[in-house]
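The values are calculated or read from the model by the stated rules, or taken from the named source; none is laboratory data. For clarity, every value in this text was computed on a predicted model and none was experimentally measured. Here the Cβ positions follow ideal geometry from the backbone for every residue, glycine too, while neighbour counts run over all protein chains shown. The accessibility values were calculated without ligands, DNA or RNA, using every heavy atom of the protein model including side chains. Shrake-Rupley method; radii C 1.70, N 1.55, O 1.52, S 1.80 Å.
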Amino acid sequence: MKKKIMVIGISAGVGKSTFARKLGESLNLPVVHLDSLFWKPNWVEASLEEFTKAQQEIVIQDQWIIEGNYTNTFDLRAAHADTMIYLELPLHVCLYRVVKRWLMNLGKTRPDMTAGCEEKLDWAFIKFIITTYYTRKQKMNDRLQNFLKTGPDKQVITLKSKKEIQSYLENVKR
């Protein structure tokens with residue numbers, strides 16, 4: 001079984017965090033949520049240096065699942081990963097889930113976030129999801145193809161429906 005897995009996705013709300021957590025439980029691998037490395041309490045952003053250094057310490061370990069997109073450090077993770085799992089659900093599903101997540105976590109901090117970052121949702125975030133969704137599809141496809149070219153031992157798994165995601169997780173459990 002592969003031991004260094006990146007979980008990436010088309011958008012917020014696609015289910016990266018939940019998928020990574022369930023995969024980590026099934027494979028008994030440590031899971032790192034990039035949001036928890038990037039965001040400091042009260043939604044303060046880590047510097048690129050801090051964010052990069054934190055990931056450099058993780059990627060040299062023998063086993064991991066790292067969940068999140070974060071383009072500015074994507075290549076760092078990809079250079080060490082043996083597997084990328086890409087989740088791509090329809091835009092309306094992602095938007096629905098972002099709103100649902102916000103409603104379910106009002107006044108709370110999600111487990112995949114840094115303490116002190118209470119759940120929030122604003123128009124800028126919704127607009128970002130809508131305006132980047134379709135262009136991100138091509139960018140993600142290019143990234144996946146480039147990853148495969150970096151070595152014969154590299155693997156990409158693309159899951160494009162809730163059924164495919166559930167089936168994959170069930171197969172891993174067995």
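Give, as a single signed number, the net charge of other residues whose beta carbon lies under 10 Å from the beta carbon of residue 43, with Lys and Arg counted +1 and Asp and Glu -1. Let's see the in-between values first.
Numbers: positive: 40, 120; negative: 45, 118.
With Lys, Arg at +1 and Asp, Glu at -1, the neighbours total 0.
Just to confirm a number: summing +1 for Lys and Arg and -1 for Asp and Glu over residues other than residue 69 whose beta-carbon lies under 11 angstrom from that of residue 69, what do you get?
Details: positive: 16, 77, 136, 139, 143; negative: 35, 67.
That sum, taken over residues with Cβ under 11 Å, equals +3.
Counting only C-alpha contacts under 8 Å and six or more residues apart, can you give the relative contact order of the chain as a whole percent? Kindly include the intermediate steps, with their values, before the conclusion.
Values: 244 pairs, mean separation 57.8, N = 174.
Relative contact order comes out at 33 percent.
At 222 nm, what value in deg cm²/dmol follows for the chain if DSSP H runs of at least 4 each add -39500 (n - 2.57) and the sum is divided by all its residues, to the nearest 500?
Working: 7 runs with 89 residues, N = 174.
One gets -16000 deg cm²/dmol as the mean residue ellipticity at 222 nm.
How much accessible surface does residue 154 have with a 1.4 Å probe, in Å² rounded to 10?
Number for this one is 40 Å².
Please state the shape class of the range 41-86: rounded when a/c is under 1.5, otherwise prolate if a/b exceeds b/c and oblate if not, all from the C-alpha gyration tensor. If you can, show how the numbers build up before the last one.
Numbers: a/c = 1.98, a/b = 1.63, b/c = 1.21.
Prolate, because a/c is 1.5 or more and a/b exceeds b/c.
Roughly how many debye, to the nearest 20, is the charge dipole of the chain about its Cα centre, given +1 on each Lys and Arg Cβ, -1 on each Asp and Glu Cβ, and no other charges? Present the calculation step by step, with values, prior to reporting the outcome.
Working: 27 positive and 19 negative charges, 133 e Å.
In total the dipole reaches around 640 debye.
Go through 83, 9, 103 and say which Cα lies farthest out towards the positive end of the charge dipole of the range 1-122; charges sit on Cβ, +1 for Lys and Arg, -1 for Asp and Glu.
103
Grab the beta carbon distance between residue 56 and residue 157, set R0 = 25 Å, and tell me the FRET efficiency rounded to 0.05. List each step's numbers first, then the result.
On the way: r = 25 Å, r/R0 = 1.00.
That pair, residue 56 with residue 157, gives E of 0.50.
Applying 1/(1 + (r/R0)^6) with R0 = 35 Å to the Cβ-Cβ distance of residue 170 and residue 49, what FRET efficiency is obtained, to the nearest 0.05? Write down the numbers at each step before the final one.
Values: r = 41 Å, r/R0 = 1.16.
With a Förster radius of 35 Å, E is 0.30.
Starting from the 7 Å offset along Cα-to-Cβ, what nm value, one decimal, do you get for the label separation of residue 120 and residue 28?
Spacing of the two 7 Å Cα→Cβ label points: 4.1 nm.
Run the accessible area of the range 23-174 with a 1.4 Å probe and give the carbon-and-sulfur part as a rounded percent. Intermediate values should be presented prior to the final figure.
Numbers: 4860 of 8860 Å².
Answer for the range 23-174 is 55 percent, counting heavy atoms of protein chains only.
Quick check on the range 1-131: take the gyration tensor over C-alpha atoms, sort the square-rooted eigenvalues as a ≥ b ≥ c, and tell me if it's rounded (a/c under 1.5), prolate or oblate.
On the way: a/c = 1.65, a/b = 1.36, b/c = 1.22.
Prolate is the answer for the range 1-131, as a/c is 1.5 or above and a/b outweighs b/c.
Can you give the FRET efficiency to the nearest 0.05 for residue 82 and residue 103, using r as the Cβ-Cβ distance and R₀ = 35 Å?
Values: r = 37 Å, r/R0 = 1.06.
Efficiency computed from Cβ-Cβ geometry: 0.40.
So, taking all protein chains as they sit and a 1.4 Å probe, how much accessible area belongs to residue 62, in Å² rounded to tens?
It works out to around 120 Å².
Residues of the chain: accessible area per residue at 1.4 Å, in Å²?
Working: 9590 Å² over 174 residues.
I get 55 Å² per residue for the chain.
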